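Comments concern the structure below.
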Amino acid sequence: MDYPNHYGVIVIGGGHAGTEAALASARMGVKTLLLTHNIETLGMMSCNPAIGGIGKSHLVKEIDALGGAMATATDFGGIQFRVLNQRKGPAVRATRAQADRALYRAAIRKILENQANLEIFQQSADDLIVEGETVRGVVTDTGIRFRADTVVLTAGTFLGGLLHVGLKNSRGGRAGDPPSIALADRLRELPFRVDRLKTGTPPRIDAKSVDFTDLQQQWGDKPEPVMSYMGRVEQHPEQVCCWVTHTNEKTHEIIRGGLDRSPMYSGVIEGVGPRYCPSVEDKIHRFADKTSHQIFVEPEGLNTHELYPNGISTSLPFDVQIDLVRSIKGFENAHITRPGYAIEYDYFNPQDLKHSLETKFINGLFFAGQINGTTGYEEAGAQGLLAGLNAARMSLQQEVWYPRRDEAYLGVLVDDLITLGTREPYRMFTSRAEYRLLLREDNADLRLTEKGRELGLVNDERWQAFSAKREGIARETERLGQTWVHPQQDNIEQVNSVLGQPISREYSHLELLRRPNLNYQQVVSLAEAPEVSEQVAEQVEIQVKYAGYIERQQEEIKRLRRYEDTVIPAVFDYSTVEGLSNEVKQKLIDARPASLANASRIPGVTPAAVSLLLVYLKKQG
Ligand code: FAD
């Protein structure tokens, strides 16, 4: 049957990409349908119950700055919060939260159910309605036809999903969920380049069977950090402890003994796994000289005894899993509640996408999340938001939008995927961003919230809080520039003792704050000062201290902007550019870069080749 409503956007899949996509589109006022297998699994974390971490928290905060849900759900579901790299510079500082799986899911579901313009429907999408080269809707497994202007596909690990435990395998989207076979087959008929990737998860353990006596405790930070710019510590549920234990030589021996029945090492698994989140058998194989690996023992939630042993993801046979777990300190009598497993799934070459995440071959069809070759909730959520907002803009007949590499990690993520493609699960790192000092987790709102407001993604409450913060930063920075210390002032001895040395001339507080040995609190203690929020104080301090570096990065961006602005036509005959080697031509033909800047980032495309292209395009232009 034809469903009576017509939608601006249909999102397939209620995982991390799908929920952010649906919310973004609906926030923009576009009638949106979220079509997903199971309403109970909206916002479900398939693997590690944690959000954020290095590089990833930057994405979470960017989603938040654009009005998305992930950071808020983390504040309502987080049972341990920490800031990693606290002693390093602000560019690489990262907030990480251990989440209660059920609370996180409940928070996401609540946000979805209360979102205006959004309808949710539980059923499997089995087919796309494609007319000519344009998508027109979706058909479910019971034959309901939903029509829409645009469709966002976020099927995660479900397309052609195959689960492995030892040499046994079975079809599934993740443990306990069915795979998407019909849709995967349909997509393989379309002209997208499809390949296989794999990922894995550790066995879960019953805390009642663990001896914690000799395990190292790990508590969260005090004061507790929050994830959302709108977050408050009072939103956090009870905070809990995690523990640390280690594998040992006996564990490694057990693993080596089981490798002949490992689907990874016997060639049963063909997909490439995540390099930065390897299975324990992979670690033992690759780092053969290491006699021990760390395992973080993390609670799955407040109302469950299940533990997530972070570091022993495995697809070894179950009997080997029991032995390897029980060889670890504290786990001698451990009971496994769920076996570890690996999953292989279809992903699409992201080079077949535009920067808006619309596919190059089917108009109005967008791809986001794990299906684009990424791994991680944060990477998925960020792409979902971008695809959802652009699908909505297309339905409103507006121009697409995406951030540049110097504006957001989201810009880096999408640009990397589209320009370079990926052959292994792609995860975000701060090292992927060349403008790290500009793209900090503390300033995602200053980089993106104004744009989000313009796009219709940011509500009044967030906009007012953001505007007050931005004005507060400007006011306080100006005040510091106009507040002085001078050698003759009454309390000069006290001032000198804070500064660590006597001053010989007048200094503004702004100048003093640039000194590496002084922080904001010390500087404002030198005179009477108005009270400012922690967020304002943090921003003022970072902006003043790093002003020199920040300016240098901004100048470099300006210099490179002409490359960004030099567009390469979608249909472009590289054979007409004289002087390009055949190898470079082939790389350009494969990657089809959208701009000269994209071309310059393709490995093997030399600066000389970029200059040739620049000259050629200018002549044409
Ligand atoms: P998902 O979260 O997978 O959501 C997909 C959604 O789409 C689901 O709700 C599903 O029901 C729905 N769906 C699919 N097909 C259809 C259809 N045809 N019709 C309707 N609904 C559909 N990430 C890491 O960063 N590190 C890890 O170590 C790691 N290990 C993992 C281990 C396993 C076993 C699994 C399964 C995943 C692992 N991940 C890991 C990946 C992480 O779960 C994903 O990166 C993240 O969930 C991707 O989000 P997504 O929204 O793209 O897809």
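Please treat every number below as a calculation from the coordinates, not as lab data. It should be emphasised that the depicted structure is a prediction, and the values quoted were computed from it without experimental measurement. Note: ideal-geometry Cβ built from the backbone for every residue, glycine included; neighbour counts use all protein chains shown.
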Let me confirm the definition first: pairs of Lys residues in region 135-292, 8 or more apart or on different chains, C-alpha distance under 26 Å. How many are there?
8
With +1 on the Cβ of every Lys and Arg and -1 on the Cβ of every Asp and Glu, and nothing else charged, how large is the dipole of region 165-283 about its Cα centre, in debye rounded to the nearest 20?
520
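Calculate the dipole size of the chain relative to its Cα centre from +1 charges on Lys and Arg beta carbons and -1 charges on Asp and Glu beta carbons; express the result in debye to the nearest 20.
Values: 71 positive and 80 negative charges, 219 e Å.
That gives the chain a dipole magnitude of about 1060 debye.
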Whole-angstrom gap from region 407-486 to region 565-608, using each part's C-alpha centre
30
Restrict the search to region 529-586; then list the GluC sites (Glu not before Pro) that DSSP places in a loop and that have at most 13 other Cβ atoms within 10 Å of their Cβ.
Glu531, Glu578
What net charge do the residues around Ile120 carry, taking every other residue with its C-beta under 11 Å from that of Ile120, with Lys and Arg at +1 and Asp and Glu at -1?
-1
Distance from region 156-200 to region 1-54 (C-alpha centre basis), Å
19
Amide H neighbours of Val11 at under 5 Å, excluding residues fewer than 5 places away on the same chain, with H built from the backbone geometry, are Leu33, Leu34, Leu35, Val152
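Based on alpha-carbon atoms only, what is the radius of gyration of the chain relative to the globular estimate 2.2 N^0.38 Å?
Relative to the 2.2 N^0.38 Å estimate, the chain comes out at 1.03.
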If you add up the charges near Thr36, with Lys and Arg at +1 and Asp and Glu at -1, over every other residue whose beta carbon is less than 14 angstrom from its beta carbon, what do you get?
-4
Enumerate by residue number the GluC sites (Glu not before Pro) in region 98-192 meeting two conditions: DSSP loop (anything except H, G, I, E, B), and at most 14 other Cβ atoms within 10 Å of the site's Cβ.
Glu133
With the charge dipole of region 468-621 built from beta-carbon charges (+1 for Lys and Arg, -1 for Asp and Glu) about the Cα centre, the Cα from Gln554, His486, Thr566 projecting farthest to the positive end belongs to Thr566
As straight-line cross-link partners of Lys619, the qualifying lysines (C-alpha separation under 26 Å, not fewer than 8 residues apart within one chain) are Lys354, Lys558, Lys585, Lys587
Given just the C-alpha atoms of region 417-490, how large is their convex hull per residue in cubic angstrom?
176
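Please tell me the relative contact order of the chain in percent, rounded to the nearest whole number, where contacts are Cα pairs under 8 Å and at least six residues apart. Intermediate results must be reported in sequence, preceding the final value.
On the way: 1334 pairs, mean separation 106.7, N = 621.
Taking the mean separation of contacting Cα pairs over the length of the chain, I get 17 percent.
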